[in-house]
1. Report, as a whole number in µm² per second, the diffusion coefficient that Stokes-Einstein gives for segment 142-276 at 4 °C and 1.567 mPa s using the Kirkwood radius over alpha carbon pairs.
2. Compute the FRET efficiency between Ala22 and Glu172 as 1/(1 + (r/R0)^6), taking r as their Cβ-Cβ distance and R0 = 35 Å, and round to the nearest 0.05.
3. Test of understanding: what is the full-extension gain from Met92 to Arg309, defined as 0.36 nm times their sequence separation minus their Cα-Cα distance?
4. Using a simple spin-label model with points 7 Å from Cα along the Cα→Cβ vector, what separation in nm is obtained for Asp224 and Tyr431?
5. How high is the relative contact order of the chain, given as a whole-number percent (alpha carbon pairs under 8 Å, six or more residues apart)?
6. Mind checking which helices in the chain clear 18 Å along their axis (Cα) and have mean Kyte-Doolittle hydropathy of 1.6 or more, DSSP H runs only?
7. Please compute the net charge surrounding Gly200, taking Lys and Arg as +1 and Asp and Glu as -1 over other residues with Cβ under 9 Å from its Cβ.
8. So how strong a dipole does segment 187-266 carry about its Cα centre when Lys and Arg Cβ are +1 and Asp and Glu Cβ are -1, to the nearest 20 debye?
Amino acid sequence: MALSVILRLEMDKNKVSFGQLATTISEAEGDIVAIDVIHQGRETTTRDVTVNVRNQDHSEHMIDEVKKLDGVKLINVSDRTFLMHIGGKLEMKPRLPIKNRDDLSHVYTPGVARVCTAIHEDESKAFSLTIKRNTVAVVSDGTAVLGLGDIGPRAAMPVMEGKAVLFKQMAEIDAYPICLDTTDTEEIIRTIKAIAPGFGGINLEDISSPRCFEIEDRLKEELDIPVFHDDQHGTAVVLLAGLLNALKIVEKKLSDVKVVVTGIGAAGVACTKMLLSAGIENVICVDRHGTLVDTETYDNPMWNWCASRTNPDRVKGTLHEIIEGADVFIGISGPGVLTVEDVKRMAENPIVFALANPTPEIDPEEAEPHVRVMATGRSDYPNQINNVLCFPGIFRGALDCRATTINEEMKLAAAQAIASTVTDDELNESYIVPSVFNEEVAPRIREAVIRAAIETKVARRIPKEFR
Ligand SMILES: NC(=O)C1=CN([C@@H]2O[C@H](COP(=O)(O)OP(=O)(O)OC[C@H]3O[C@@H](n4cnc5c(N)ncnc54)[C@H](O)[C@@H]3O)[C@@H](O)[C@H]2O)C=CC1
Ligand SMILES: CC(=O)C(=O)O
Ligand SMILES: [Mg+2]
């Protein structure tokens, strides 16, 4: 993974020039992207030099070369990513100032008591008189964090904070990262139900399968606010959007393609369901042991569900054995699962979505010469198929119409809204989904989702523009 490191260097002006330093960094294949002078003395200059490098090993090599320069003293090395995380990525701010006793008596006691009583008498008023209206809990137990696995609730926090920041930036939703110190299904359900009164929606994140299916199903049944497991449905929505557009490029029909999905966990199961409901007939699911077939029975009920609806030819074997002739590869498993040799054996104009984070199933640079359309889940390559394109907009829509749930129709509407943001003129191999920073995406999803919620009668409020 590419890194950006900041070297704080004290340079002896009599011994070394900045030109020599720049040459050394450049010869070590570092890319200088910024230079800041921190201190200018008579004999020495202290500078912060920001350098992009390929990975940790490359960074160490480049630093060793810099240290060899006579007259250069390395004071400190910092990593831009870590600097951006110091103190966390979020803060909470009041929406109105309390300037005097009069304000205080309205915002706090005694005035607040009348508001509490009003909600006590009519609980639906919690949506208009509290932060419930615009607040989502981003809840994880830290058991399937990105592709890092079970790293625990503390280590999961940076991802959940990141999701919360994205909710705010993309859709003006106040989201709270909540990492639970339990992996017990019942305790997670109980805890989320207990905190639900303050939230308008629950975004489950990075909870390992198969527990995630039961947790989501039970919460959906027992709560009257949307519960959405982002790794399942957010991923599936964006995947379908990307696939609809990629198939346009290769001029293949949904009903004709052979699609191999690898990694039948939270994301894999939901993506498989979405592909089937979009009309793809030949989906083959593969996990570590090989393909899922309906002649076998699995401990994981979702695998039995997938086996009974996919793999019409009952193909048995490992990914490498069954990839022959596939039109589309979808990876939501882990790093290095797909080889270049596998890609070469796919059908003409192969589509490869290697979505494992942070390291995809195949290095996009190695795969690129052999694929027609390549996508990853990452921000540093084109075609970012990542649930961040979905969750802000889908919750914006759900909150604005006070939906009781996020149903299949709303998800399908979201996928179509994302796909249609890319016009036919813009569509090409490196642009199958809009950028995460495209400001049209969330409003388009919102609108499509509200329409679908109204049509399917799960909206408790009809926003003015839809009346
Ligand atoms: N781009 C995106 O928007 C998203 C990407 N992901 C990525 O997808 C991956 C899976 O995430 P989840 O479904 O949440 O995890 P999960 O733990 O629920 O499922 C992972 C599945 O992949 C399987 N797997 C792992 N290594 C494999 C291999 N070598 N061959 C075949 N199967 C293998 C596991 O057995 C498991 O069934 C992670 O890397 C995650 O970062 C997940 C959600 C969204
Ligand atoms: C993007 C995301 O949610 C994941 O990789 O888990
Ligand atoms: Mg996730």
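1. On the way: Rh = 16.2 Å.
The Stokes-Einstein estimate is 80 µm²/s.
2. Calculated transfer efficiency: 0.20.
3. 73.5 nm
4. 4.6
5. Numbers: 906 pairs, mean separation 51.4, N = 467.
Result for the chain is 11 percent.
6. Span-like helices, by this rule, are 235-250.
7. +3
8. About 340 debye.
We did not get these values from a lab; they are worked out from the coordinates using the rules stated. Because the structure is predicted, anything quoted here is derived from the model rather than measured. All Cβ positions, even for glycine, are placed from backbone atoms using ideal geometry, and neighbour counts span all protein chains on display.
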